[in-house]
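Each remark here refers to the structure printed beneath this line.
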Amino acid sequence: MCDYSLHNVKTRPAKVGDKLTTRLFETRTGGFCAPEDASVAVCVLPGTELSFTEEVRRLRSWPWSRGTFKHRTAIFRQINKENPATHHDALEFPDGKIVLLTFLEKGQQATVLQLPVTQQGFRVPEPEKAKA
């Protein structure tokens, strides 16, 4: 998904193996882009697994939570969905900590490891019929 404030930015869905970079878009919202086209936001589905090239860094201007997460992997999540006028895109780290994507330092590189399992493409089994 792409955060609400990226709706006026050109977007595309993430694919397994995509190389992504954290970026601050013109809307002043942080998100992911592909290194070859920084003008396009890459939308990530909740549950997508990401691997970063280095430990993930937070913005220094976020006063109550500075520094680095001691992890290089994360799961993309959406939080605060009950409030439509706030940021939703976030990362959850193996220790359970969650940080909004917009609070990440820009220029960090990640790879899409795995997309979430969806119900698309699965046939729902029909109930067995009673024998007469």
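No value in this document is a laboratory result; all are computed from the given coordinates. Keep in mind that this is a model prediction, so the values were computed, not measured. Every residue, glycine among them, receives a Cβ derived from its backbone with ideal geometry; neighbour counts consider all protein chains shown.
Remarks
- In Hz, Karplus ³J(HN,Hα) per residue of the range 20-25 (6.51, -1.76, 1.60; θ = phi - 60°; x = Gly, Pro): 10, 10, 6, 8, 9, 7
- Taking amide H as placed 1.01 Å from N in the peptide plane, the amide H of Arg77 sits under 5 Å from that of Gly47, Ala90, Leu91, Glu92, each at least 5 places away or on another chain.
- Full-stretch length increase - Lys19, Lys106 - with 0.36 nm per residue and alpha-carbon distance subtracted: 29.9 nm
- 3J(HN,Hα) from dihedral phi, the range 81-87, Karplus parametrisation 6.51/-1.76/1.60, rounded to Hz, x for glycine, proline: 5, 6, 10, x, 9, 9, 6
- Ranking of Asp18, Asp95 by neighbouring Cβ atoms within 10 Å, starting from the fewest: Asp95, Asp18.
- Label-to-label distance, nm, for residues given as Arg72 and Ala38 (7 Å Cα→Cβ offset): 2.4
- Gain on full extension, evaluated as 0.36 nm per residue between Leu113 and Arg28 minus their Cα-Cα distance, stands at 27.9 nm.
- With one equal scatterer per alpha carbon and no solvent term, the Debye-computed log10 I(q)/I(0) for the range 4-114 at 0.17, 0.21, 0.23 1/Å reads -0.76, -1.22, -1.49.
- Rounded to 5, the percent of DSSP beta bridges in the range 1-44 classed as antiparallel: 65
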